[in-house]
Each structure stands twice: as C-alpha cells, then as structure tokens.
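Visitor: Sharing a structure, written as structure tokens. Questions coming.
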Amino acid sequence: MTRLRLATRGSRLALAQSELVAAALRDRHPGIEIELVRVRTEGDIDRSSPLTEIGGRGVFVRAVEQALLDGRAEIAVHSLKDVPTAAIEELTLAAILPRGDARDVLVASGGRRLADLPSGARVGSGSRRRALLLRALRPDIEVAPIRGNVDTRLGKVESGEYDAVVLAAAGLARLGRLGEATQLFEPMEFLPSPGQGALAVQCRSDDAATRDLLAGIDDTATRAAVEAERGVLAELGSGCSVPVGAYAQITDGLLALRAMIGDETGEQASFGDAAGPADEAEALGRGLAAQLGVGAPEGGAQ
C-alpha cells in the first residue's frame with residue numbers, strides 16, 4: 001500500500017482543501033493512505049501585522065514547503081494564490097486540481113450588495129487589489145485592513161465591527177458558507193488574485209514516484225489558466241508589491257487572459273487583454289504584463 005504524508009496548514013479551510021486533494025488521490029489510486037502533517041506558518045502565528053510586512057505571498061507557504069525539504073512529508077497542499085512565482089529548484093508543483101470558484105464575494109450585514117452600503121461604510125480587506133477595485137466602484141466607502149481566518153472575518157461583520165468583508169468564493173464554498181455571500185463579483189470585472197480558487201500540490205523534484213502519482217490528478221485546463229495569470233506576476237518579479245489581478249480561461253480553443261496592474265499608490269491601475277495558445281500560457285501572461293509596462297518595488301503582490 002502506498003502511503004503519503006501531506007503537509008498542510010492547520011486552519012479549517014486548509015484542512016478542508018487538503019481533504020479535497022486526499023479524496024482526489026484516493027479516487028485515482030484506490031488503497032492509497034494519506035496522513036496529514038499539520039504545520040504552523042508565520043501567517044498563522046502573526047495574525048495582526050499586514051501581510052506585506054511579514055513576507056507577502058509566501059507567508060502561508062514557506063513553513064509548509066520546509067516540511068517537504070526536511071523529509072517530514074512527501075506532498076504539500078497550497079492555495080495557489082499564496083504561492084510565490086519564484087521557483088525553488090528542489091520542489092515542483094506536480095498537480096493543480098480542477099479550479100474552484102475564482103470569484104471574490106461580498107458578505108455584508110443585512111444581506112446588502114455593495115451598491116446598497118451607506119456612504120462611509122467600513123469594508124474589511126487586507127488586499128490592495130481588492131481595495132483598489134472596491135474604491136473604483138464605491139469611492140465613498142472606507143476599506144479597512146483585516147486579518148484572521150474566514151470565521152473570524154465573518155464574525156466581525158456579525159458583531160458590527162465591519163459593515164462588510166470581501167473574501168474568496170472558493171474558500172467560503174469549501175467551508176460550506178458560500179450561501180452567506182450577499183454579492184458575487186464577476187471575475188472579468190472584479191479581477192481575482194492570480195491563481196485564486198485553484199489548489200496546488202507540491203512535492204520534491206527528485207521524487208519521481210510521487211510525481212507520477214500526482215500527475216493523475218493534474219487538470220491541464222486549470223494549469224494553463226493559472227500559468228497565464230502567474231506569468232503576469234512572474235514578469236513583474238518576486239519583489240512585486242503593487243495590486244495585481246488576473247483571470248484566464250480557455251475560450252474557442254484559445255487561452256483568453258485579462259489582467260490589472262496597479263501603481264505604487266494603489267489608487268490607479270492599467271488593464272489589458274491578451275489571447276494565445278494554451279501551451280504558451282506563461283509567455284502570454286508575461287507578455288501582457290510587459291505590455292502594461294508597470295514596474296514594482298520590494299514586497300508582495302496582493
């Protein structure tokens with residue numbers, strides 16, 4: 001019997017996502033045994049500091065990757081939107097599952113939509129991308145920083161501390177709470193974070209047996225879409241700290257990509273579209289980012 005140790009964060013959402021991966025592996029390889037290895041990341045330990053101050057995109061990933069490098073686990077599961085584009089030679093993203101819902105959602109008190117919120121309403125988000133897009137739609141609201149897991153954030157709406165929060169639809173769905181969303185934003189209009197809604201499974205690059213097992217659960221259409229989106233980030237470089245949004249999908253046999261790159265103030269953004277073959281996904285994303293012509297300083301894109 002094949003046995004795999006799976007490294008994961010210990011939050012309810014991370015465990016639910018890990019179970020989705022474990023179920024996909026069991027379905028593809030009957031009899032496989034999966035053991036969860038729970039890891040605390042810097043983002044789990046420090047729940048108050050802005051993510052850009054404690055490591056940006058990699059803050060929820062590095063400790064989990066270390067479990068692979070140390071030999072404590074054979075595979076690791078990540079929300080792909082949290083994974084930096086800078087590759088670690090010893091590790092590989094061997095599988096990307098069929099994408100969940102890529103959209104962002106609003107959860108507001110009283111069942112309200114964004115347009116229904118009063119002027120000055122306090123909307124919680126720790127993402128510069130979401131803040132830029134929200135202010136473009138409603139410049140009269142206050143976008144306030146917020147940290148914590150999904151339950152914590154929703155609780156702050158229930159308590160009245162915030163009038164609303166913006167979250168990823170996929171996370172709510174995986175926790176069985178998508179029904180609490182009061183508005184779902186269309187991804188081509190309210191561009192999600194690159195890779196949002198996708199789950200990535202990582203293993204050691206030299207572990208050929210595990211790579212072969214994971215190949216069976218890799219979804220090629222999802223991989224092409226997220227590689228295009230992440231290509232936008234890759235072109236900007238690992239130090240990107242400006243708001244970035246991207247969404248790609250295969251349409252009429254071509255990969256269609258829309259991207260947004262904000263400026264350093266987080267107030268203005270450039271938008272662009274591109275299309276090309278799915279087997280040139282990353283190049284498509286890099287080319288669109290170069291076309292938009294926006295640079296970025298040190299930090300972490302949001």
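The values are calculated or read from the model by the stated rules, or taken from the named source; none is laboratory data. This is a predicted model, so every value here is computed, not measured. Ideal geometry is used to build each Cβ from the backbone, glycine not excepted, and the neighbour counts take in all protein chains shown. In case anyone asks, the SASA skips ligands and DNA or RNA and just uses the protein heavy atoms, side chains included. Shrake-Rupley method; radii C 1.70, N 1.55, O 1.52, S 1.80 Å.
Visitor: Just one of the numbered conditions (1) farther than 26 Å from Gly10 by Cα; (2) in contact (Cβ under 8 Å) with a residue 60 or more places away in the chain is not true of Gly120; which one?
Guide: (2)
Visitor: Which of the residues spanning the range 172-190 are farther than 21 Å from Glu142 by Cβ, of a type outside the set (Asp, Glu), touching a residue at least 40 places away in the same chain (Cβ under 8 Å) and not in a loop (DSSP other than H, G, I, E, B)?
Guide: Scanning the range 172-190 gives Leu172, Ala173, Arg174, Leu178, Leu184.
Visitor: When residues of the range 217-249 are filtered for being assigned to a loop (DSSP other than H, G, I, E, B), open to solvent by less than 30 Å² (accessible area, probe 1.4 Å) and among the small types (Gly, Ala, Ser), how many remain?
Guide: Adding up the residues that qualify gives 3.
Here's the yes/no breakdown for (1) of a type in the set (Gly, Ala, Ser); (2) modelled with pLDDT under 95; (3) within 30 Å of Arg28 (Cβ to Cβ):
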{"residue": "Glu74", "(1), (2), (3)": "no, no, yes"}
{"residue": "Leu91", "(1), (2), (3)": "no, no, yes"}
{"residue": "Leu97", "(1), (2), (3)": "no, no, yes"}
{"residue": "Ala102", "(1), (2), (3)": "yes, no, yes"}
{"residue": "Val107", "(1), (2), (3)": "no, no, no"}
{"residue": "Arg112", "(1), (2), (3)": "no, no, no"}
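Visitor: Does at least one position in the range 201-211 carry a residue that is within 24 Å of Val64 (Cβ to Cβ), open to solvent by 10 Å² or more (accessible area, probe 1.4 Å) and free of Cβ contacts under 8 Å to residues at least 40 places away in the same chain?
Guide: yes
Visitor: Looking at the structure I just gave you, is Asp273 among the charged types (D, E, K, R), modelled with pLDDT of 95 or more and in a strand (DSSP E or B)?
Guide: Here the answer is yes, as Asp273 does meet what is asked.
Visitor: What residue, among those in the range 79-108 that are of a type in the set (Gly, Ala, Ser) and in contact (Cβ under 8 Å) with a residue 24 or more places away in the chain, is farthest from Gly10 (Cα to Cα)?
Guide: Only one residue tops the list, namely Ala108.
Visitor: OK, next. Return the only residue of Glu298, Glu282 being charged (D, E, K, R), in contact with a Gly (Cβ under 6 Å, 6 or more places away or on another chain), at pLDDT below 95 and surrounded by fewer than 24 Cβ atoms within 10 Å (Cβ to Cβ).
Guide: The conditions single out Glu298.
Visitor: Okay, next question. Go through (1) closer than 20 Å to Arg26 by Cα; (2) touching a Leu at 6+ places or on another chain (Cβ under 8 Å) one by one and return the number of the condition Thr220 breaks.
Guide: (2)
Visitor: Can you tell me which residues in the range 226-268 are closer than 11 Å to Leu284 by Cα and free of Cβ contacts under 8 Å to residues at least 24 places away in the same chain?
Guide: Once the filter is applied, which keeps residues that are closer than 11 Å to Leu284 by Cα and free of Cβ contacts under 8 Å to residues at least 24 places away in the same chain, the range 226-268 yields only Ala256.
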